[in-house]
Amino acid sequence: MSTDSQPTSASSPAFEFKSGVITIPVLNLFSADINVITHQLREKIKQAPEFFTNSSLLLDLSALQDQDLNLSLLVDAIRNSGMRPIGVRGGTADQHQDAKGLMLPIMATQNSTASTKQEAPVRAEAPKQETPGPAASTTTASTIINQPIRSGQRVYVKGDLIVIAQVSAGAEVIAEGNIHIYGTLRGRALAGVQGDESAQIFCSDLQAELVSVAGTYRISEDLDESKRNTPVQIYLNNQALIIKNI
Amino acid sequence: MARIIVVTSGKGGVGKTTTSAAIAMGLAKKGHKTAVIDFDVGLRNLDLILGCERRVVYDFVNVINDEATLNQALIKDKRCNQLYILPASQTRDKDALTKEGVGKVLEELSKTFKYVVCDSPAGIERGANLAMYFADDAFVVTNPEVSSVRDSDRMLGILSSKSKRAELGEEPIKEYLLLSRYDPKRVKLGAMLSVEDVQDILSLHLLGVIPESQSVLSASNAGEPVILDEKSDAGQAYSDIVDRYLGEDKPHRFVDEEKKGLFGRLFRS
């Protein structure tokens, strides 16, 4: 991505800068052993060659902080497998130096949740309450709402949201943290919308149109009948949305 | 300063205009000088319900555009000298209403009237928004069926966020629920939402239940507000509502099915 623009006398602009957002696959590396990586990668590609061939790829080195990695060999191996590495993120200063030598841009790491996710498979016996720790510590103050949230109204808060009234059908309550509703939830409740998988929803009467935690959602039709019209707690457990009576 | 009441619902056909006419007449009969404004520009109906359609010269839009004075446009009711009607224009549409214009008219009315009743059009567009914008109290008219209840809920959201009181951060509009076209018989059969169901969904203070009644249709066609029909159940329900609004403590009626005595069974059915 070159940023140097040359002054031009031509009247019509030859280009424009725009910011765009695209989704690209990220390869989270857990091992520095290039042979193992290459072997497993080829197995994966074999399963869906059309999806992987010539696909751009971001290499995430966050889990390889203390390991010796020959980035140049790794990039060659990936290219030979048919994929196109376009940048790296995470990793050590030495690894970043190698990346610069290979003309690969270094991207900023997303947030701390990314690294906890990768560590999870390594220490599988770690209690699940521990993993969300770093993400939860950044939550801001909570917001309290005393009046009913009516159909068509939308509430978005950065931290936790506490509603001491009902949330009507057709209303939406959205929080980056937890949502507590001391009343009937008939509308939609979306907790952890910025990706906080430790966020939870609590309500004293579940009749929701939709509930979601960190993007994992369930619609009214798929709600368990035994949970309907009861007080519940809703949270994520290994990417699965759990609705539990309280 | 007048108290400005908006009669609103979101959904059409639930009885806003019937209610506006009845409430305005009821307040006026109690000796309070009351004006009732038809905000349904282009679909003028209030004058018909109040039986003054033959006396319309100027209308609300004329006053907003300074083509007539308020006194020229206001129609004095023949049955009650405390009631005045400001009819809507039939030849214009809602775009003729402006926030400044409506504000100006309401401010002028406030100087001489005790209550100003604003009959809102259906929907949540310009007409309905301006009808509720300056309100102090809101009468939310709801029928006991799901779509009407949801639309009322939407309207309540708009009342609490887009009114003048909300924008200035003043005390919010007082909201009251009026459940109209209620039929205890059908509620019992499970074909209609009950008072409890509606209150559970809307969590709103119930001002009164107006029973489904033949008298409403005949009153409308005759141009007589139903509240003047003291024998009819709907008329009595509206009288109770006015009394409750003015602070009287009256038990709710027409909620349960009427128990017919022997004579009732013999002569009424």
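Determine the share of the stretch B:151-215's accessible area contributed by carbon and sulfur atoms, expressed in whole percent, with a 1.4 angstrom probe.
Values: 1450 of 3150 Å².
It is 46 percent, rounded to a whole number.
Rounded to the nearest Hz, the phi-derived 3J(HN,Hα) couplings of the stretch A:239-246 under the Karplus curve 6.51 cos²θ - 1.76 cosθ + 1.60 (θ = phi - 60°) are 6, 9, 7, 9, 10, 10, 5, 10, where x marks glycine and proline.
Couplings for the stretch B:169-175, taken from phi via the Karplus curve 6.51 cos²θ - 1.76 cosθ + 1.60 with θ = phi - 60°, read x, 7, 3, x, 4, 6, 10 Hz in order; Gly and Pro are left as x. Computed from backbone phi with θ = phi - 60° and the Karplus coefficients 6.51, -1.76 and 1.60, the 3J(HN,Hα) list for the stretch B:122-135 is 5, x, 10, 8, 2, x, 5, 5, 6, 5, 9, 4, 9, 5 Hz; x is used for glycine and proline.
Summarising the amide proton neighbourhood of residue B:74: residues at separation of 5 or more, or on other chains, whose placed amide H is nearer than 5 Å comprise an empty set.
Of B:78/B:164; A:18/A:158; A:158/A:244; B:94/B:164; B:111/B:162; B:16/B:94, which ones are farther than 23 Å apart at the Cα? Exceeds cut-off: B:78/B:164; A:18/A:158; A:158/A:244; B:111/B:162. Excluding same-chain neighbours fewer than eight residues apart, the lysines reachable from residue A:44 by a Cα-Cα span under 22 Å are A:117.
Could you tell me the center-to-center distance, by alpha carbons, between the stretch B:36-69 and the stretch A:48-112 in angstrom? Cα centroid to Cα centroid, the span is 74 Å. For the residues B:238, A:235, a 1.4 Å probe over the protein chains yields an accessible-area ranking, largest first, of A:235, B:238. Less than 5 angstrom separates the built amide H of residue A:27 from those of A:58, A:59, A:60, all sequence-distant by 5 or more or on a different chain. In this assembly, the B-A interface accounts for approximately 900 Å² of buried accessible surface in total, computed with a 1.4 Å probe and without ligands, DNA or RNA. Amide H contacts of residue A:183 (H built 1.01 Å from N, in plane; Pro and chain starts excluded): A:204, A:205 sit under 5 Å, all sequence-distant by 5 or more or on other chains.
Shape class for the protein assembly as shown, computed from the alpha carbon gyration tensor (a ≥ b ≥ c): prolate, with a/c not under 1.5 and a/b above b/c. Please give the per residue accessible area of the protein assembly as shown, computed with a probe of 1.4 Å over protein heavy atoms only, in Å². Result: 52 Å² per residue.
Does anyone have the angle between helix B:16-29 and the longest principal axis of chain B? Alpha-carbon axes, 0 to 90°, nearest 10? That works out to roughly 80 degrees.
Within the set B:174/B:231; B:30/B:188; A:46/A:227; B:11/B:33, which residue pairs have Cα atoms separated by over 32 Å?
In this structure, B:30/B:188; A:46/A:227 lie more than 32 Å apart at Cα.
The values are calculated or read from the model by the stated rules, or taken from the named source; none is laboratory data. Source: prediction; values computed, not measured. What goes into the accessible areas is simple: the full protein's heavy atoms, side chains included, and nothing from ligands, DNA or RNA. Shrake-Rupley method; radii C 1.70, N 1.55, O 1.52, S 1.80 Å.
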